[in-house]
Amino acid sequence: MKRARITGIGKYVPENVVTNFDLEKIMDTSDTWIRERTGIAQRHWVTNPAVETVSTLGAEAAKRALDMAGLQPSDIDFIIFATLSPEHFFPGGGVFLQEKLGLEGIGALDIRNQCTGFIYGLSVADQFIRSGMYKNILLVGAEVHSTGIDKTTRGRDVAVLFGDGAGAAVISATDEKDCGILTTHLHADGKHAKHLWLQNPGSAQSPFVNEQMIADNSIYPYMNGRYVFKYAVTRFPEVIMEALQATGYSKNDVKLVIPHQANQRITEAVQQKLELPTEKVYSNIHNYGNTTAASIPIAMTDALQEGRFGENDLLVLAAFGSGFTWASAILRW
Ligand code: ACO
């Protein structure tokens, strides 16, 4: 049976950097509050949303991942695109990305699993490659949060957390054994959905967008922060242990855990619960904020560039987010 391995990884973030001090000028918040509670120092926000969309950011990240893989866009035979912030209600960002890369005709699958979108996509790619259906799949996670958050004091609890950006991976078939994606684990529990969601616009209302929604602020994301925190610090360790048990590896075998960059305090709580040394759990949230579906491939790209892992190293990926959904993967690089 074929195995799937990541042969290229890349990231792209908008040039515009927004520091916590910049946010102090537009809402009642402080650098100290944001750093202490989240670890975030800055994030990247698009300046021209008509030009910098999830598919343009995603296409740039994809080009970098293709370069690393030594492939041309024409070598790709399937696209998986993960985002919670598509440029339009429909169609999803996958087809816009496809057009930008000149990949007319190949399949493009949009998935919307929020913070776990990248790992859900990785699992789908793994199954397609193991079954022999595709040889090279492009998986992109991209978000433009900055146009969909309330950037006033009213929305500060959510607005300070999120950043824009994209990450991409080329996943290719290989005949080698014990390498590439070794296991993936996907979970969800919809009873928590309304603790972290964007209620409107949506087809549960007619018309699906109206002035009342704008007046009552329900066009902006709602997050029950403490509730999310409580579940995140339980589900992250649980799903990481599930992946280790499935492969028979121990925590000592792992070179680096790359968690979804939700919040530095969540990452530290996970590290402590698993009794892992600090250097085994990667964090770059201070530079980007929470970029949801893009956070893991951005973190993988940075970690690789910083020499935090290399050939044959065992990596654990894990995520938790809106849905609630949570997921993990183990791969040998
Ligand atoms: N700046 C200044 N003050 C703020 C801000 C802000 N940006 N946001 C909220 N506050 C105020 C509140 O109004 C409140 O004021 P009050 O005491 O006068 O009422 C005070 O700070 C404390 O608010 P809490 O919500 O209780 O703050 P808490 O310590 O719980 O921290 C946080 C909030 C950081 C969101 C925390 O709950 C958390 O880490 N939750 C996890 C959620 C998360 O990280 N989600 C990421 C997205 S989901 C994911 O990716 C998994």
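The values are calculated or read from the model by the stated rules, or taken from the named source; none is laboratory data. Every value quoted in this text rests on a predicted model; they were computed, and no experiment measured them. Positions of Cβ are generated from backbone atoms using ideal geometry, with glycine treated the same way; all protein chains shown enter the neighbour counts.
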So GLN127 clears everything in (1) away from the ligand (no atom under 16 Å from the Cβ); (2) within 14 Å of THR184 (Cα to Cα); (3) buried (at least 24 other Cβ atoms within 10 Å of the Cβ) except one condition, right? Which one?
(3)
Within segment 1-50, residues of a type in the set (Ser, Thr, Tyr) and either assigned to a loop (DSSP other than H, G, I, E, B) or away from the ligand (no atom under 16 Å from the Cβ) (or both) come out as THR7, TYR12, THR29, SER30, THR47
Name the residue that is farthest from ASP75 (Cα to Cα), counting only residues in segment 118-167 that are of a type in the set (Ser, Thr, Tyr) and not in a helix (DSSP H, G or I).
THR152
Determine, yes or no, whether ILE137 is closer than 25 Å to ALA243 by Cβ and in contact with a Lys or Arg (Cβ under 7 Å, 6 or more places away or on another chain).
no
Would you confirm whether or not segment 99-106 contains a residue that is part of a helix (DSSP H, G or I) and out of contact with any strand residue (DSSP E or B) (no Cβ under 7 Å at 6 or more places or on another chain)?
yes
When you check ALA65 against the structure, is it buried (at least 18 other Cβ atoms within 10 Å of the Cβ) and more than 21 Å from GLN261 (Cα to Cα), yes or no?
no
Those residues that are loosely packed, with under 15 Cβ neighbours inside 10 Å and of a type in the set (Phe, Trp, Tyr), I need them from segment 206-228; list them, please.
PHE208, TYR227
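For (1) assigned by TED's automatic domain parsing to the domain that holds ALA61; (2) without any contact (Cβ under 8 Å) to a residue 12 or more places away in the chain; (3) of a type outside the set (Lys, Arg), each residue gets a yes or a no:
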residue	(1), (2), (3)
ARG154	yes, no, no
ALA159	yes, no, yes
GLY165	yes, no, yes
ALA169	yes, no, yes
HIS185	no, no, yes
GLY190	no, no, yes
Going residue by residue through segment 274-285, is there one that turns out to be in contact (Cβ under 8 Å) with a residue 60 or more places away in the chain and more than 14 Å from ALA232 (Cα to Cα)?
yes
Please tell me if LYS194 is at pLDDT 95 or above and assigned to a helix (DSSP H, G or I).
yes
Enumeration of residues in segment 51-65 that are out of contact with any Gly (no Cβ under 6 Å at 6 or more places or on another chain) and assigned to a helix (DSSP H, G or I)
THR56, LEU57, GLY58, ALA59, GLU60, ALA62, LYS63
Looking only at segment 243-264, which residues are in contact (Cβ under 8 Å) with a residue 40 or more places away in the chain, crowded, with 16+ Cβ neighbours inside 10 Å and not β-branched (Val, Ile, Thr)?
ALA243, LEU244, TYR249, LYS255, LEU256, PRO259, HIS260, ALA262, ASN263, GLN264
